[in-house]
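These notes are about the structure you will find just below.
Computed from the coordinates by the stated procedures, all read-outs in this text should not be read as laboratory data. Model, not experiment: these values are computed from the prediction. Every residue, glycine among them, receives a Cβ derived from its backbone with ideal geometry; neighbour counts consider all protein chains shown.
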Amino acid sequence: MEKTFRRMKNPQARRAYVEAEVASGLAHQIRALRTQRGWTQKDLAARLGTTQAAVSRLEDPSYGRPSIKTLLDVGAAFDVALQVRFVSFVRLLQETQSVSREQLEVEPFDVEAQRAAFHQDAPDT
């Protein structure tokens with residue numbers, strides 16, 4: 001990580017790293033979420049109202065052009081939230097240095113809600 005951080009003294013290197021991480025991270029996570037649910041690209045396409053080819057592009061790290069609206073639609077299809085925020089370069093490096101399939105997977109709301117204590121109905125008093 002230190003070696004990568006040192007390269008980031010160059011503004012163009014920082015921008016290139018961010019662009020590559022955003023594009024590849026999103027593509028890999030979309031694929032991980034789809035496979036976590038046991039869906040094909042065609043299944044996800046049906047939920048998005050698009051084509052299998054469009055889903056293939058979303059899962060292609062070299063494509064890198066989904067709009068925020070498209071990502072919101074993908075989140076809705078998977079029943080998960082989308083978070084877009086600015087972070088420091090150190091934090092980005094820490095969070096992207098090593099990514100496992102488990103880190104990319106996200107449970108849909110209904111599964112997560114079953115485990116959330118604050119989501120349970122309060123007893124009548």
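Which value, in nm² and rounded to one decimal, describes the direction-averaged projected area of the C-alpha convex hull of the stretch 2-119?
Values: hull surface 34.4 nm².
Over all viewing directions, the stretch 2-119 projects a mean Cα-hull area of 8.6 nm².
With charges set only on the Cβ (+1 for Lys and Arg, -1 for Asp and Glu), what does the dipole of the chain come to about its Cα centre, in debye to the nearest 20? Walk me through the intermediate numbers first.
Numbers: 18 positive and 16 negative charges, 194 e Å.
With only Lys, Arg, Asp and Glu charged at Cβ, the dipole is about 940 debye.
Taking 0.36 nm per residue of sequence separation and subtracting the Cα-Cα distance, how much length would be gained by fully extending the chain between residue 83 and residue 6, in nm to one decimal? Don't skip to the answer; put the middle values down first.
On the way: separation 77, 0.36 × 77 = 27.72 nm, distance 2.78 nm.
Gain on stretching residue 83 to residue 6: 24.9 nm.
Tell me which of 5, 63, 45 sits at the most positive position along the dipole axis of the chain, charges placed on C-beta atoms (Lys, Arg +1; Asp, Glu -1).
Toward the positive end, the furthest listed residue is 5.
Measure nothing fancy, just the Cα-based angle from helix 68-78's long axis to the longest principal axis of the chain, in degrees from 0 to 90, nearest 10.
Taking the Cα atoms of the chain, the angle to 68-78 is about 40 degrees.
Between 34, 14, 115, where does the largest GNM mean-square fluctuation fall for the chain, given springs only between Cα atoms within less than 10 Å?
115
Can you tell which of 25, 83, 114 lies farthest toward the positive end of the dipole of the chain, using +1 and -1 charges on the Cβ of basic and acidic side chains (Lys, Arg; Asp, Glu)?
About the Cα centre, the residue reaching furthest to the positive side is 25.
Does the stretch 53-119 come out rounded, prolate or oblate, given a ≥ b ≥ c as the square roots of the eigenvalues of its C-alpha gyration tensor, rounded meaning a/c under 1.5 and, failing that, prolate meaning a/b above b/c? Could you put the intermediate results ahead of the total?
On the way: a/c = 1.84, a/b = 1.19, b/c = 1.55.
Oblate, because a/c is 1.5 or more while a/b does not exceed b/c.
222 nm [θ] for the chain, helices only, -39500 (n - 2.57) per DSSP H run of 4+, per residue, to 500? Show your work: numbers first, answer last.
Working: 8 runs with 77 residues, N = 125.
Helix contribution divided over all residues of the chain: -18000 deg cm²/dmol.
Name the longest site-free stretch of the chain, where the excluded sites are chymotrypsin sites (Phe, Trp or Tyr not before Pro) in a DSSP loop with no more than 16 other beta-carbon atoms within 10 Å. Intermediate values should be presented prior to the final figure.
On the way: sites that count: 63, 86.
Counting at most 16 other Cβ atoms within 10 Å as exposed, the longest clean stretch of the chain is 1-62.
When 8, 1 are ordered from fewest to most other Cβ atoms inside 10 Å of their Cβ, what list results? Spell out each step's value before the answer.
Details: 8 17, 1 11.
The most exposed by this proxy come first: 1, 8.
Roughly how many nanometres apart are two label points built 7 Å out from the Cα toward the Cβ at residue 46 and residue 105?
2.3 nm
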